[in-house]
Structures are given as C-alpha cells and as structure tokens.
Amino acid sequence: MELYAYTIKLIDPLFFAQEGISGAFTPLYIHATALNHAFAWAIGQKREDQPYVMTEENGGSNYPRYTNSLIDKDFYLTPARLSGSPNYCTEIAKGDSDKYIQVRYGTSKMNGRYIRRRFHNEILKAYQLYPLSPESIFEGYLYTKLDISLFPTLIRLGSFRGLASLKLKGPFKVINYYEKQKYCDHPVDPLVSEVCRGITVSMLPYPVVDQALVDEVWEIRKYRQRIFVASLPNAAKATEQPIKSGSALIV
C-alpha cells in the first residue's frame, strides 16, 4: 500500500448542504464517502452499494448502503480540508417541492388568495445557495495499491456533480508504521480510524474529526517535517457487508 498526498481543485462551484435542511453554505470539508465513491466511478468501478444515480422504485431518498467510507480494499481517500480561506459565490435555486432545499412552512399566496397547502411548500419559492467558488483547493491523503497512471485527473463532486481536478504528490516513504496516539495532518473518518479526541465537524452522512488524535498512525516526511497520517485498519474490515438501509443522505 502506497501513500500519496492529493489536492482537489474545483473547476465548477461546489455545493452540498452542511445539515441538509438548515444551512445553505457548503462546509469547508469533503467527506470521505463522497470522495471514495466519486473516485470509484471515475476509474470505472460501478458500485451497486451506492449507485451514482439513484432510481428507487418507491421514490425514496438516497439512503447509503455502506458501513463507512472504506469501500474498497485497493484504495482509500481520507476526508479533505479546504486549503486557505473560503470564497463563496451565490446561486439562486427554485425550491418548490425539493426536499433538499425547501426549508420553510406556512401559507402561499396565489391570485390574491392565501392557500394552505397540505405539504406546506411555498409556491415558486427561490433560495440562495452558497457554493464554494472555482479554484478552491482541498487537500488530503490517498492510500492505494493501484497503478496511478490509470487514475483519473477529473472527478465529479457535490449535489450538482461539479467537475474538479485531482492531482497526486508522492509516494511518500513511510518512516514508521506503528506510531501511537499522534495528531494527524488531515481530517479523519471516525468509523475507519480509532480516534481518541479531536474537533467534530458536523456534516452528512456522519461527522468527521479534525485535529484528531489517532491511536495508530503512519509517520512520513513532508517538507522536511514529521507528518502523521491515520493508518488504515486491516483489509478484512474493507470487505464487511454493507448495511441495507440508513437514515442519512449521501451528498
């Protein structure tokens, strides 16, 4: 397993809701679930446990069917953090009957009359969304056993499947595979790595942890400094059977 640093540079604006119903601002992190499924589709791996386009027979929501973000034994991208200060742009979206954007309740006025609708949707209501601007850069780490010459240079992310470029740096030489309880240089998925403490970042489908103190890490040299990257669990965990249903949305 080789270790690379990756950078994702946005070509299109990136939007996904931080809390689904409440906030319209895109968070400053990208979850590893989104990154790993986007990467899998970019290299031509069709995943039945999380189709790229959901076609639920009952019209249901996009329920995840996995236990964590470790979806493949041959590669893993850690959660990513925005590099530098955020730069938002403004988009207007119509939210009528769109449960990902519709946030208000009450009456609607049509032809001079106030109408109380059964589902409390406001007619032709428009909302402001705040996606991160193009040229924004995210950083994280990639573990892989695959030939990097076959890797994609473009992936699609976010609610609107915007384009982003993917660049790798490395591989890095691992100085020590068995360092214990060190603070990591990247956000961590707490369902993949054993986290002792850190700052919880609330996002879907479940929180990630930044400035995480992880039980077992890999030590590398980056810019002549000691850097610690969360080690992956054994390969058996990567082959766990995915869950069949859930209550969170994949964004």
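With respect to T144, determine if the residue is out of contact with any helix residue (DSSP H, G or I) (no Cβ under 7 Å at 6 or more places or on another chain), under 18 Å from P79 (Cα atoms), surrounded by fewer than 18 Cβ atoms within 10 Å (Cβ to Cβ) and not acidic (D, E). Don't jump to the end; show me each part of the working.
Values: out of contact with any helix residue (DSSP H, G or I) (no Cβ under 7 Å at 6 or more places or on another chain): yes; under 18 Å from P79 (Cα atoms): yes; surrounded by fewer than 18 Cβ atoms within 10 Å (Cβ to Cβ): no; not acidic (D, E): yes.
For T144, the condition - out of contact with any helix residue (DSSP H, G or I) (no Cβ under 7 Å at 6 or more places or on another chain), under 18 Å from P79 (Cα atoms), surrounded by fewer than 18 Cβ atoms within 10 Å (Cβ to Cβ) and not acidic (D, E) - is not met.
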Quick one: V192 ticks every box in (1) in contact with a Pro (Cβ under 8 Å, 6 or more places away or on another chain); (2) surrounded by 17 or more Cβ atoms within 10 Å (Cβ to Cβ); (3) not in a loop (DSSP other than H, G, I, E, B) bar one, so which box is it?
(3)
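Within region 164-189, how many residues turn out to be under 27 Å from L10 (Cα atoms) and surrounded by 19 or more Cβ atoms within 10 Å (Cβ to Cβ)?
Residues of region 164-189 that are under 27 Å from L10 (Cα atoms), as a first pass: 164-172, 184-189.
Checking which are surrounded by 19 or more Cβ atoms within 10 Å (Cβ to Cβ) leaves us with 164, 166, 184-189.
Residues in region 164-189 being under 27 Å from L10 (Cα atoms) and surrounded by 19 or more Cβ atoms within 10 Å (Cβ to Cβ): 8 in total.
Pull up region 195-245, narrow it to residues that are of a type in the set (A, V, I, L, M) and in contact with a Ser or Thr (Cβ under 7 Å, 6 or more places away or on another chain), then point me to the one that is modelled with the lowest pLDDT.
Restricting attention to region 195-245, the residues satisfying the condition of being of a type in the set (A, V, I, L, M) are 195, 199, 201, 203-204, 208-209, 212-214, 217, 220, 227, 229-230, 232, 235-236, 238, 243.
With the extra rule that they be in contact with a Ser or Thr (Cβ under 7 Å, 6 or more places away or on another chain), the set shrinks to 209, 214, 217, 230, 243.
On the way: V209: 96, V214: 94, V217: 94, A230: 94, I243: 38.
Checked region 195-245; the qualifying residue modelled with the lowest pLDDT is I243.
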Take R161 and decide whether it is within 17 Å of L10 (Cα to Cα) and at pLDDT below 95.
yes
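Which residue is nearest to I43 (Cα to Cα), if the candidates are limited to region 70-92 and must be among the polar types (S, T, N, Q) and in contact (Cβ under 8 Å) with a residue 60 or more places away in the chain?
So the first thing to find is which residues in region 70-92 are among the polar types (S, T, N, Q), and the list is 78, 83, 85, 87, 90.
Applying the additional criterion that residues be in contact (Cβ under 8 Å) with a residue 60 or more places away in the chain yields 78, 83.
Working: T78: 17, S83: 25 Å.
Top of the filtered list is T78.
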Suppose we keep only residues that are buried (at least 16 other Cβ atoms within 10 Å of the Cβ) and polar (S, T, N, Q) within region 87-114. Which one would you say is modelled with the highest pLDDT?
S108
By residue number, the members of region 66-86 that are at pLDDT below 90, hydroxyl-bearing (S, T, Y) and under 24 Å from P171 (Cα atoms) are S69
On the basis of being in a strand (DSSP E or B), among the basic types (K, R) and either buried (at least 18 other Cβ atoms within 10 Å of the Cβ) or without any contact (Cβ under 8 Å) to a residue 24 or more places away in the chain (or both), does R156 make the cut?
no
Output the number of residues of region 38-57 satisfying the condition of being modelled with pLDDT under 65, over 16 Å from the mean Cα position of the chain (by Cα) and of a type in the set (S, T, N, Q).
1
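The values are calculated or read from the model by the stated rules, or taken from the named source; none is laboratory data. All values derive from a computational prediction rather than experimental measurement. Here Cβ is always computed from backbone atoms with ideal geometry, including for glycine, and neighbour counts include all displayed protein chains.
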